[in-house]
Ligand SMILES: Nc1ncnc2c1ncn2[C@@H]1O[C@H](COP(=O)(O)OP(=O)(O)O)[C@@H](O)[C@H]1O
Ligand SMILES: [Mg+2]
């Protein structure tokens, strides 16, 4: 797991950030940024670079590698620190607290502000990136797609979806985005996967999930990674989160992905609540009902 940079964030000095953002710039051109180029990228003197490299290496914000030359790149912690600094400067975030969840492709922390928020660092590309590095160990680094890029694109896509969907769809309120990170409303309640519904609540909750999917569809998005792990539930209802891979409704695969989302959630309900969940799912009919905004059919489907 990636360590929480908030633990030592306040010890970092402005010049440490010059070095980090200099290396970030250099990484647009090569995976490992040449040591000799660092004064230029960071606007620091050579001595200052040496001193700052030491500090940043100690905090594991950077990684070093000697191939044909001595090169540096940001670690995820280094990238996290840069994003957190932007949020702090913009006064979006005053402090970072406990982890809220470690997902497949993210680390999520509680963030403090005028209200409790959630800070999600995207980690897409990290596994992929490790494989790529191994393969390319001794080769030139042109054509590489850096994990910075992959993770940033994911954060941008998720933020974009949240901004479009909120408040018509029950999703976390988007607050800010920088690099591979987003700040959003902190959700109360718990993941659907961890909650045990009462018998009489089951069809109602299934219906709520389907209604949110319908609203999202008509706002322009299919979630495309729906599961019991991406739905929060509390007394006020359900909230659907984790949207980086959402696809526009007019995308070629939108229909297929909607059907897959429906199948996933339906199977989950069938498995966990076999006697309360309608026995046979006609996913095709349900997809059609969603596409034509036919809430009546969805409701009657859930209660049949
Ligand atoms: N806004 C939020 N409020 C509270 N907890 C959250 C929030 N967003 C995510 N989490 C927690 O973090 C976990 C991972 O987040 P998620 O967006 O699902 O990322 P991943 O793509 O890695 O699955 C979630 O399962 C959830 O427990
Ligand atoms: Mg998730």
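Determine whether residue 233 is within 16 Å of ligand 1 (Cβ to nearest atom), within 13 Å of residue 290 (Cβ to Cβ), in contact (Cβ under 8 Å) with a residue 24 or more places away in the chain and touching a helix residue (DSSP H, G or I) at 6+ places or on another chain (Cβ under 9 Å). Please lay out each step first, then the result.
On the way: within 16 Å of ligand 1 (Cβ to nearest atom): yes; within 13 Å of residue 290 (Cβ to Cβ): no; in contact (Cβ under 8 Å) with a residue 24 or more places away in the chain: yes; touching a helix residue (DSSP H, G or I) at 6+ places or on another chain (Cβ under 9 Å): yes.
No.
For residue 222, the conditions (1) surrounded by 20 or more Cβ atoms within 10 Å (Cβ to Cβ); (2) modelled with pLDDT under 95 all hold with the exception of (2). Name the pairs whose Cβ atoms lie under 6 Å apart, with the first residue in the stretch 177-196 and more than 28 Å from residue 125 (Cβ to Cβ), the second surrounded by 18 or more Cβ atoms within 10 Å (Cβ to Cβ), and 6 or more positions between them or separate chains? Filtered contacts from the stretch 177-196: 189/232; 189/233; 195/233.
Applying the criterion of at least 1 residues that are under 30 Å from residue 193 (Cα atoms) and without any contact (Cβ under 8 Å) to a residue 24 or more places away in the chain to the strands (runs of 3 or more DSSP E) found wholly in the stretch 1-112 leaves 95-102, 106-112.
Which ones in the stretch 96-114 are away from ligand 2 (no atom under 12 Å from the Cβ) and crowded, with 20+ Cβ neighbours inside 10 Å? Before the answer, list the steps.
We begin by selecting, within the stretch 96-114, every residue away from ligand 2 (no atom under 12 Å from the Cβ); these are 96-99, 109-114.
Within the stretch 96-114, 96, 109, 111 qualify.
A quick yes/no check of all residues on (1) touching a strand residue (DSSP E or B) at 6+ places or on another chain (Cβ under 9 Å); (2) surrounded by fewer than 18 Cβ atoms within 10 Å (Cβ to Cβ); (3) under 18 Å from residue 193 (Cα atoms):
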position: 234; (1), (2), (3): yes, yes, yes
position: 237; (1), (2), (3): no, yes, yes
position: 292; (1), (2), (3): no, yes, no
position: 298; (1), (2), (3): no, no, no
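Could you please find all residues in the stretch 152-172 being touching a helix residue (DSSP H, G or I) at 6+ places or on another chain (Cβ under 8 Å) and either part of a loop (DSSP other than H, G, I, E, B) or modelled with pLDDT under 95 (or both)?
Going residue by residue through the stretch 152-172, those that are touching a helix residue (DSSP H, G or I) at 6+ places or on another chain (Cβ under 8 Å) are 164-165, 168-172.
Within the stretch 152-172, 168, 169, 170, 171, 172 meet the criteria.
Quick check on residue 286: is it outside any loop (DSSP other than H, G, I, E, B), at pLDDT below 95 and under 30 Å from the mean Cα position of the chain (by Cα)? Give the steps one after another, and end with the answer.
Working: outside any loop (DSSP other than H, G, I, E, B): yes; at pLDDT below 95: yes; under 30 Å from the mean Cα position of the chain (by Cα): yes.
When the stated conditions are applied, residue 286 passes them.
Return the total of residues in the stretch 289-304 being part of a helix (DSSP H, G or I) and out of contact with any helix residue (DSSP H, G or I) (no Cβ under 8 Å at 6 or more places or on another chain).
The initial filter retains those residues of the stretch 289-304 that are part of a helix (DSSP H, G or I), namely 289-291, 295-303.
Now drop any that are not out of contact with any helix residue (DSSP H, G or I) (no Cβ under 8 Å at 6 or more places or on another chain), which leaves 296, 300.
Total meeting the criteria: 2.
Which residue, of 54, 80, 94, is at pLDDT 95 or above and under 14 Å from residue 4 (Cβ atoms)?
Numbers: 54 fails: under 14 Å from residue 4 (Cβ atoms); 94 fails: under 14 Å from residue 4 (Cβ atoms).
Of the residues listed, the single one that is at pLDDT 95 or above and under 14 Å from residue 4 (Cβ atoms) is 80.
Within the stretch 239-267, track down each residue that is within 14 Å of ligand 2 (Cβ to nearest atom) and touching a helix residue (DSSP H, G or I) at 6+ places or on another chain (Cβ under 7 Å). Give the derivation first.
Pass one, the stretch 239-267, residues within 14 Å of ligand 2 (Cβ to nearest atom): 239-246, 261, 264-265.
240, 241, 242, 243, 244, 246, 261, 265, listed by residue number.
Report whether or not residue 201 is within 16 Å of ligand 2 (Cβ to nearest atom) and surrounded by fewer than 19 Cβ atoms within 10 Å (Cβ to Cβ). It is false that residue 201 is within 16 Å of ligand 2 (Cβ to nearest atom) and surrounded by fewer than 19 Cβ atoms within 10 Å (Cβ to Cβ). Of the residues making up the stretch 197-231, those that are closer than 26 Å to residue 111 by Cβ and outside any helix (DSSP H, G or I) are 221, 223, 225, 226, 227, 231. Within the stretch 268-282, the set of residues being surrounded by 15 or more Cβ atoms within 10 Å (Cβ to Cβ) and in contact with a helix residue (DSSP H, G or I) (Cβ under 9 Å, 6 or more places away or on another chain) comprises 268, 269, 272, 273, 276, 277, 278, 281.
Scan the stretch 184-196 and give yes if some residue there is in a loop (DSSP other than H, G, I, E, B) and over 23 Å from the mean Cα position of the chain (by Cα), otherwise no.
Within the stretch 184-196, the first condition is being in a loop (DSSP other than H, G, I, E, B), and the residues that meet it are 186-189, 195-196.
In the following step, the residues that additionally are over 23 Å from the mean Cα position of the chain (by Cα) were identified as 196.
Scanning the stretch 184-196 turns up at least one residue that is in a loop (DSSP other than H, G, I, E, B) and over 23 Å from the mean Cα position of the chain (by Cα).
The rows are residues; the columns are (1) closer than 19 Å to residue 208 by Cβ; (2) touching a residue at least 40 places away in the same chain (Cβ under 8 Å).
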{"site": "260", "(1), (2)": "no, no"}
{"site": "271", "(1), (2)": "yes, no"}
{"site": "275", "(1), (2)": "no, yes"}
{"site": "295", "(1), (2)": "yes, yes"}
{"site": "298", "(1), (2)": "yes, yes"}
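The values are calculated or read from the model by the stated rules, or taken from the named source; none is laboratory data. Just so we're clear, the structure is a prediction, and the values are computed from it rather than from any experiment. Methodologically, a virtual Cβ is constructed for each residue, glycine included, from the backbone with ideal geometry; neighbour enumeration extends over all protein chains shown.
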